[in-house]
Amino acid sequence: MNKPLLSVIVPSFNEEKNVEPFYFALKEVLEKSNYRWEVIYIDDGSSDSTLPLLQRLSTWHPQVNYISFTRNFGKEAAIVAGFQHAKGDCVVIIDADLQHPVELIADLLTGYEEGYDQVIACRDRKGDGIIRTALSKTYYKLINKIVDVQLEDGAGDFRLLSRRAVDALLIMSEGNRFSKGLFSWIGFEQKVIYYENVSRANGESKWSISKLINYGIDGIISFNMKPLRICFYMGGFILVAALLYILVMFTQIIRTGIDVPGYFTVISAVLFLGGIQLVSLGIIGEYIGRIYNETKRRPHYLVKETNATKGKRYERVQ
Ligand code: UDP
Ligand code: MG
């Protein structure tokens, strides 16, 4: 019988120092496995020599495919491109910076053979700053109370997906992709493997604090409409409180007459209500912005150059 095919998706943005070390480390692990394999590098609009390095690698190693974007479209778009071009019976997504230990792929494959459709490699937070760790922990505690899907701290994109799971993810055409949520949304049998956090081999992380905050907001907004409901409840609560206040004031005025100095009350009410209204408008705006973006139906990415052909899902459809 033919050995099953494994596709490895590697989003790479300015990873010139990592391209080759990563590939050879990966190759060593994959050659020991019982699988045929291909690697799909996605050059996410790098401005360094990531692309020429990939081109060179692919001329010597037939398993290497690359897709180069016209500009930086982000890791989520890179993952979509990888899925669309993957021909494998199972797919592994892994970072190019050697932060995801390549040896773990063997364990992911074991999980796949046991019949799991998603095998998730989950990292601990060793080596991360104390503040970042605390913030992330609180964020995940809070977000899991709000959103309808279950999100786990440390479980990122490093995971194995079966063909069924990849096809399910490809059906979802939304432009704004919050992978963590999508992975959880599709369900399927999941297995989690824990590993120790590793620092980046070369280069710098592309996550700034503001990017992380935006990512956090995406997580809340992409998967539910509860923020809108919170606005509704807040409005309702303030309305009832205002009615009570009016009632109390009214009886007081009838009993003792008008008490003119009310400057503080008026100004606090105006400011408080103004604040709440602006926040609510902002939340509504977030959703409208998303609707606007989705209606444009733009592609997730544009390809400048590639040596990869369309993946398995499209072969079967044709
Ligand atoms: N990456 C990408 N496009 C981007 C940012 C990052 O393809 O716009 C890739 C990057 O090359 C790396 C992976 O995504 O392989 C994870 O990025 P990074 O190491 O910066 O994130 P961190 O590990 O700090 O979460
Ligand atoms: Mg990294």
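Just so you know, all these numbers are worked out from the coordinates, no wet-lab data involved. If you're wondering where the values come from, they're calculated on a predicted model, not measured in any experiment. Note: ideal-geometry Cβ built from the backbone for every residue, glycine included; neighbour counts use all protein chains shown.
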Sorted by chain and number, the residues with a modelled amide H under 5 Å from that of N307, at a separation of 5 or more or across chains, are Y66
Of the convex hull enclosing the alpha-carbon atoms of the chain, the direction-averaged projected area in nm² is 21.3 nm²
If every Lys and Arg gets +1 and every Asp and Glu gets -1 at its Cβ, then about the Cα centre the chain yields a dipole, in debye to the nearest 20, of 700 debye
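Set the Förster distance to 25 Å, then compute FRET efficiency between I146 and C122 from the Cβ-Cβ distance, nearest 0.05. Before the final figure, lay out each step's value.
Numbers: r = 21 Å, r/R0 = 0.85.
After rounding, the FRET efficiency stands at 0.75.
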The farthest towards the positive end of the charge dipole of the chain, of the residues V198, G74, S12, given +1 on Cβ of Lys and Arg and -1 on Cβ of Asp and Glu, is G74
Quick calc: nm separation of the 7 Å Cα→Cβ label points for K226 and L170 -> 3.3 nm
Note on the range 211-259: C-alpha Rg/Rh, Kirkwood Rh, two decimals, gives 1.41
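Let me check I've understood the local charge: for N65, count other residues with C-beta under 10 angstrom from its C-beta, Lys and Arg +1, Asp and Glu -1. What total comes out? Provide the component values of the computation, followed by the final result.
Working: positive: K87; negative: E38.
Charge balance near N65 sits at 0.
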Once normalised by the length of the range 120-253, the mean sequence separation of its alpha carbon contacts under 8 Å that are 6 or more apart gives a contact order in percent of 36 percent
Of the candidates L243, G216, L26, the farthest towards the positive dipole end of the chain (Lys/Arg Cβ +1, Asp/Glu Cβ -1, centred on the Cα centre) is L243
If every Lys and Arg gets +1 and every Asp and Glu gets -1 at its Cβ, then about the Cα centre the range 1-118 yields a dipole, in debye to the nearest 20, of 400 debye
In whole Hz, the Karplus estimates of ³J(HN,Hα) for the range 286-299 (6.51, -1.76, 1.60; θ = phi - 60°; x where Gly or Pro) are 4, 5, 4, x, 5, 4, 4, 5, 5, 5, 6, 6, 6, x
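Which loop-located trypsin sites (Lys or Arg not before Pro) does the range 216-290 contain, where loop means any DSSP state but H, G, I, E or B and the Cβ has at most 12 other Cβ atoms within 10 Å?
Listed in order of number, the matching sites amount to none.
D for the range 85-134, whole µm²/s, Stokes-Einstein with Kirkwood Rh over alpha-carbon pairs at 20 °C and 1.002 mPa s: what number? Before the final figure, lay out each step's value.
Numbers: Rh = 13.0 Å.
Rounded, D is 165 µm²/s.
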So, for the Cα atoms of the range 166-315, Rg and Dmax in Å stand at 25.4, 85
Cα extents of the range 1-101 along the principal axes, largest first, in whole Å, come to 43, 26, 25
Rounded to one decimal in nm, the spacing of the 7 Å Cα→Cβ label points at E28 and E204 is 3.0 nm
Listed residues F272, F24, F13; largest mean-square fluctuation, Gaussian network over the chain with Cα springs below 10 Å, found at F272
Filtering GluC sites (Glu not before Pro) in the range 84-119 by DSSP loop and by at most 14 other Cβ atoms within 10 Å leaves E103, E114
For K304, counting only aspartates and glutamates whose alpha-carbon sits under 13 Å away and dropping same-chain residues fewer than eight positions off, the answer is D43, D44
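May I ask you to derive the relative contact order of the chain, considering only C-alpha pairs under 8 Å and at least 6 residues apart, and to give it as an integer percent? Present the calculation step by step, with values, prior to reporting the outcome.
Details: 445 pairs, mean separation 76.1, N = 318.
Once divided by the residue count of the chain, the mean separation gives 24 percent.
Between R255 and L281, how high is the FRET efficiency from 1/(1 + (r/R0)^6) when r is the Cβ-Cβ distance and R₀ = 45 Å? Nearest 0.05.
On the way: r = 39 Å, r/R0 = 0.87.
With R0 = 45 Å, the Cβ-Cβ based efficiency is 0.70.
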Residue by residue through the range 233-250, the couplings from Karplus 6.51 cos²θ - 1.76 cosθ + 1.60 with θ = phi - 60°, in Hz, x for Gly and Pro, are 5, 5, x, x, 4, 5, 4, 4, 4, 5, 4, 4, 4, 4, 4, 4, 4, 4
With bins of 5 Å, the percent of all Cα-Cα pairs of the range 258-318 per bin from 0 is 3, 11, 9, 10, 10, 9, 8, 7, 6, 5, 5, 4, 4, 3, 2, 2, 0
Between the modelled labels at N307 and T295 (7 Å from Cα along Cα→Cβ) the distance in nm is 4.4 nm
Here the equivalent ellipsoid of the range 170-251, derived from its Cα gyration tensor, has semi-axes (largest first, whole Å) of 43, 19, 13
Note to self: C-alpha centroids of the range 266-318 and the range 18-92 sit apart, in Å, by 28 Å
